[in-house]
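Where a number appears in this text, it was derived from the coordinates with a stated rule and is not lab data. Predicted, not measured: the structure shown is a model, and the values here were computed from it. Heads up, the Cβs are rebuilt from the backbone with ideal geometry, glycines too, and the neighbour counts pull from every protein chain shown.
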Amino acid sequence: MAGRHRAPDEDAGMDAESQGPGGASGGGVRVAERPQEPSPVPATHRRPWWPAVRTYLGVAVILVWGLAPFYWMVIVAFRERSHTYDTTPWPTNLTLQNFSDALDTSSGNNFLSAIVNSLIIGGVTTVIALLIGIFTAYALARMEFRGKFLLTGVILGAAMFPPVALVTPLFQLFGDIGWIGQYQALIIPNISFVLPLTIYTLTSFLSDLPWELEEAARVDGATRLQAFRMVLLPLAAPALFTTAILAFIFTWNEYMLASQLSNESTRPVTVAIALFHGPNSFTIPYAAIMAAGTLVTIPLVIMVLIFQRRIVSGLTAGGVKS
């Protein structure tokens with residue numbers, strides 16, 4: 001207000017405010033200082049491209065590392081036999097003769113019958129492993145009994161047992177009872193190998209299913225078996241499908257036991273390809289072997305690519321507890 005006299009202390013306060021940070025007088029009315037905001041990072045120092053490049057670089061390394069052997073097998077399979085050892089990294093001198101040689105039985109290579117044997121062994125192993133695994137997983141996930149954790153530890157420990165240690169005992173045992181060359185000699189050991197994976201995957205999935213679903217079915221009059229079959233089993237379909245695919249692929253690719261426990265009539269495809277021979281015993285038909293390997297691998301790759309989302313969902317089901 002004009003003409004009003006200021007008190008001495010009021011004048012001192014205004015004089016102090018009118019001075020700068022260093023005590024120098026800035027003159028006029030001083031604006032209250034605000035906290036200093038961090039200066040933005042200059043555009044030249046930003047590197048948003050590096051995470052993307054790093055991701056693509058990692059994916060490229062993994063693809064090359066994993067697919068290079070398969071790519072080279074396919075290249076050689078489609079290449080003329082006289083150019084088998086050609087080191088050109090892209091397809092050249094293409095032909096389908098190698099696939100015809102792989103399927104030809106005149107030289108003693110029963111590739112088609114070996115595929116049928118692998119389908120029988122893999123299919124029966126997968127079905128039996130799922131039947132045993134789903135009931136075992138239900139007991140471990142939904143029931144309380146003495147020795148439950150010990151049984152779980154034994155099952156998981158069986159998965160860590162090296163298969164090579166079982167070759168000699170199984171060969172002697174199956175030889176004594178006359179099972180060498182029989183399908184059961186190949187199916188039973190494969191069941192023991194894929195069963196821990198089956199039980200582990202299904203137990204994790206069933207443990208995550210809410211108890212209220214089974215209890216509601218039992219309140220409505222269903223028995224435990226009916227509640228399992230009509231309520232839990234449909235919900236466990238993704239995990240069952242994933243486990244079936246993994247069990248079949250494992251059995252399909254098994255070689256060590258099959259090479260010792262099979263004969264010509266029950267020989268699976270992995271052993272049959274390893275025993276491919278040419279017109280004489282001194283010739284190894286590498287091109288035909290690559291063609292047979294391509295015929296065996298491509299269906300598995302296509303199956304995994306088609307059902308990859310279901311496989312991932314089945315493997316990750318039960319991983320997060322609510």
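Per 0.36 nm of contour for each residue apart, how much would the distance between Val116 and Leu103 grow if the chain were fully extended, relative to their Cα-Cα spacing?
3.4 nm
For region 69-80, just list the computed ³J(HN,Hα) in residue order, Karplus coefficients 6.51, -1.76 and 1.60, θ = phi - 60°, integers in Hz, with x standing in for Gly and Pro.
So the Karplus estimates, Gly and Pro as x, are x, 5, 4, 5, 5, 5, 4, 5, 5, 9, 9, 4 Hz.
Across region 115-127, in residue order, what do the Karplus-derived ³J(HN,Hα) couplings come to in whole Hz, using 6.51 cos²θ - 1.76 cosθ + 1.60 with θ = phi - 60° and x for Gly and Pro?
My calculation for region 115-127 gives 5, 4, 4, 5, 5, 5, 5, x, x, 5, 4, 5, 5 Hz in order.
What residues have an amide H closer than 5 Å to that of Arg79, excluding those fewer than 5 places away on the same chain, when H is modeled at 1.01 Å from N in the peptide plane?
Amide H neighbours of Arg79, under 5 Å, 5+ apart: Thr95.
For an R0 of 51 angstrom, estimate the FRET efficiency from the Cβ-Cβ distance between Met230 and Trp72 and round to the nearest 0.05.
For Met230 and Trp72, the calculated efficiency is 0.50.
In a shell of Cβ-Cβ distance under 11 Å around Ser113, excluding Ser113 itself, what net charge do Lys and Arg (+1) and Asp and Glu (-1) give?
Counting the neighbours of Ser113, the net charge comes to 0.
Specify, per residue and in Å³, the volume enclosed by the convex hull of the alpha carbon atoms belonging to region 166-282.
Residue-normalised Cα hull volume stands at 145 Å³.
What are the residues whose amide H is under 5 Å from the amide H of Ser262, where those residues sit 5 or more places off or on another chain and H is modelled from the backbone?
Result for Ser262 returns Gly181.
When Lys and Arg each count +1 and Asp and Glu each count -1, what net charge do the other residues less than 15 Å away from Leu96, Cβ to Cβ, add up to?
-1
Going by average Cβ neighbours within 10 Å, how do the peptides 198-206, 53-61, 111-119 rank, with the highest at the top?
198-206, 111-119, 53-61
Counting only other residues whose beta carbon sits under 11 Å from that of Ala288, what net charge do I get with K and R as +1, D and E as -1?
-1
Apply 1/(1 + (r/R0)^6) to the Cβ-Cβ distance of Thr87 and Asp220, taking R0 = 56 Å, and write down the FRET efficiency to the nearest 0.05.
0.20
Whole-Hz ³J(HN,Hα) for each residue in region 181-194, computed from phi via Karplus 6.51 cos²θ - 1.76 cosθ + 1.60 with θ = phi - 60°, x for glycine and proline: what do you get?
Values, residue by residue: x, 9, 5, 5, 5, 9, 7, 4, x, 5, 4, 5, 7, 8 Hz.
If you average the sequence gap of Cα pairs under 8 Å that are 6 or more apart and divide by the length of region 79-156, what percent do you get for the contact order?
This gives 15 percent for region 79-156.
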